[in-house]
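Undergrad: Have a look at this one.
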2 protein chains.
Amino acid sequence: MYKLFQMQDSGNCYKVRLLLSHLNMPCEMIETDIINGESRTASYLEKNPNGKTPTFQVDETTYLAESTAILYYLAAGTDYFPANDKLLQAQVLQWMAFEQYSHEPYIATSRFWISLLKQPTEYAEQIKEKQPGGYAALDVMEQHLDKNEFFVGGTYTIADIALYAYTHVADEGGFDLKGYPAINSWFQRVVNQPGYIAITEPYRN
Amino acid sequence: MYKLFQMQDSGNCYKVRLLLSHLNMPCEMIETDIINGESRTASYLEKNPNGKTPTFQVDETTYLAESTAILYYLAAGTDYFPANDKLLQAQVLQWMAFEQYSHEPYIATSRFWISLLKQPTEYAEQIKEKQPGGYAALDVMEQHLDKNEFFVGGTYTIADIALYAYTHVADEGGFDLKGYPAINSWFQRVVNQPGYIAITEPYRN
């Protein structure tokens, strides 16, 4: 059976759980507390030398790191990744790269300080510095979702999964989503997908 | 003809030029000075609402952003991306995601402050903060290249192109590569690829 070394609260790990649930795919979850250094032990670094979660165990000796790569591996050949169209495929990767570079480092990092470390006062200055970048990313998403039901090709793909993970908990990072009606409508379309599970829900397959 | 909105000195743009050159593919280069705001004009934001380079023009009305997505679009179906093997394909994406999240924000950002903005003194504190993360990324690369000729599947792919772009100019960001023999040997294997062009070379196809 597949194994996922992951932390329940992490949006990057939730992305993989959400896709696994859509695919109704059995996978053993191995809770890995990154706050207490469990992704930096010698045994973990053998699996993923970059010391981050999620790490996906494909077989006895093969591990895959990076949420983008794991989502691609699981989604290719399913309805969650466009078939036989290089441009649509590249657009999915474009939005996933946008999420990791222009969204996650602002919104997920603020949420980490505020809601996971629970140190909003200690990190007040850094949190303030992350505000403009986070809102800029939300603006780009809003503009796109104002004209599109989903991010790529009119259907729900791993681009939506990747962007949903930290956007729907952006309030936990101090971002107010009231001014983003298109993003809020899209949240509902994601929740309506078959097999949807919440970020707080334990994986049961 | 394809068009690439790009800045010559940017490693993210160089990645695309290098692959285009390997593929011997005609493409018009449109120099876009991000330092002077040319990627933030209304006309540029219509092409790429995220306001970054590179942006690749596929046809009259279609633009692709994010170096990872552009490289995938151009490489899929060629020798530079693994065919018919989801695991190898995912491993290529894994290294490209590693580059964008755990490498570029340290090494490319330091190089930007030191060698493009030419403000090493003004950014001295930030540059110092970027050192541990940059060296950690180089350590992960060195460990992998010590046992592998290239990053994925024993052959030169867009994972190598993505990682080469900012690593081979890491000294311009204040990183000393003397202690990285495997990385230095790999540089030579990249330079030996047919169609290789240097980051300083204008694109002529």
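Read-outs throughout are calculated quantities, based only on the coordinates presented, and are distinct from any laboratory measurement. These numbers were taken from a predicted model, which means no experiment stands behind them. Using ideal geometry, Cβ is built from the backbone for each residue, glycine included, and neighbour counts are taken over all protein chains shown.
Undergrad: Looking at the stretch A:81-119, which trypsin sites (Lys or Arg not before Pro) are in a loop (DSSP not H, G, I, E or B) and have at most 15 other Cβ atoms within 10 Å?
TA: In loop regions of the stretch A:81-119 (DSSP not H, G, I, E or B), the sparsely surrounded trypsin sites (Lys or Arg not before Pro) are A:K118.
Undergrad: Between A:E122 and B:T62, what is the spin-label point distance in nm, taking each point 7 Å from the Cα along the Cα→C-beta axis?
TA: 4.9 nm
Undergrad: Just the Cα atoms of chain B: what Rg and Dmax do they give in Å?
TA: According to the Cα coordinates of chain B, Rg and Dmax are 16.6, 50 Å.
Undergrad: Here's a follow-up. What stretch of chain A, leaving out the sites themselves, is the longest with no GluC sites (Glu not before Pro) in a DSSP loop having at most 14 other Cβ atoms within 10 Å?
TA: A:61-121
Undergrad: Would you mind working out the magnitude of the charge dipole of the protein assembly as shown relative to its Cα centre, with +1 at each Lys and Arg C-beta and -1 at each Asp and Glu C-beta, to the nearest 20 Debye?
TA: Using Cβ point charges on Lys, Arg, Asp and Glu, the protein assembly as shown gives about 180 debye.
Undergrad: If you don't mind, another one. Tell me the distances, shortest first, between B:N24 and the same position across the other copies, using label points 7 Å along Cα→Cβ, in nm to one decimal.
TA: Once sorted, the set of distances for B:N24 reads 5.1 nm.
Undergrad: Apply the Karplus parameterisation 6.51 cos²θ - 1.76 cosθ + 1.60, with θ equal to phi minus 60°, to every residue of the stretch B:44-54 and state each ³J(HN,Hα) to the nearest whole Hz, in sequence, with x for glycine and proline.
TA: Ordered by residue, 3J(HN,Hα) equals 5, 5, 5, 7, 9, x, 8, x, 10, 9, x Hz.
Undergrad: Based on the Cβ-Cβ distance from B:D146 to B:A198, what FRET efficiency comes out when R0 is 30 Å, to the nearest 0.05?
TA: That gives a FRET efficiency of 0.70.
Undergrad: What is the spin-label model distance, in nm, from A:K178 to B:Q188 if the labels are put 7 Å beyond Cα along the C-beta direction?
TA: About 6.4 nm separates the two model spin labels.
Undergrad: Still on this structure, please answer the following. Picking from A:I183, A:I158, A:I34, whose Cα lies most toward the positive end of the charge dipole for the protein assembly as shown (charges on Cβ: Lys, Arg +1; Asp, Glu -1)?
TA: Working it through, the farthest residue towards the positive pole turns out to be A:I158.
Undergrad: Keeping to pairs on different chains or 8 or more places apart, tell me how many lysine pairs in the stretch A:65-205 have Cα atoms under 29 Å apart.
TA: 8
Undergrad: Roughly speaking, what is the stretch gain from B:R40 to B:T155, that is 0.36 nm per residue apart minus the C-alpha to C-alpha distance, in nm to one decimal?
TA: Roughly 37.6 nm would be gained on extension.
Undergrad: Compactness ratio of the protein assembly as shown: Cα Rg over 2.2 N^0.38 Å, N = residue count?
TA: That ratio works out to 0.94.
Undergrad: Once you average over the residues of A:67-79, how many Cβ atoms of partner chains fall within 10 Å of each Cβ?
TA: Other-chain Cβ atoms within 10 Å of each residue's Cβ, averaged: 4.
Undergrad: For the stretch B:41-146, what is the convex hull volume of the alpha-carbon atoms per residue, in Å³?
TA: Taking only Cα atoms, the stretch B:41-146 has a hull volume of 141 Å³ per residue.
Undergrad: Counting only other residues whose beta carbon sits under 15 Å from that of A:V152, what net charge do I get with K and R as +1, D and E as -1?
TA: With Lys, Arg at +1 and Asp, Glu at -1, the net is -3.
Undergrad: Just rank B:T167, A:T109, fewest to most, by other beta-carbon atoms within 10 angstrom.
TA: Ordered from fewest to most neighbouring Cβ atoms within 10 Å, B:T167, A:T109 come out as A:T109, B:T167.
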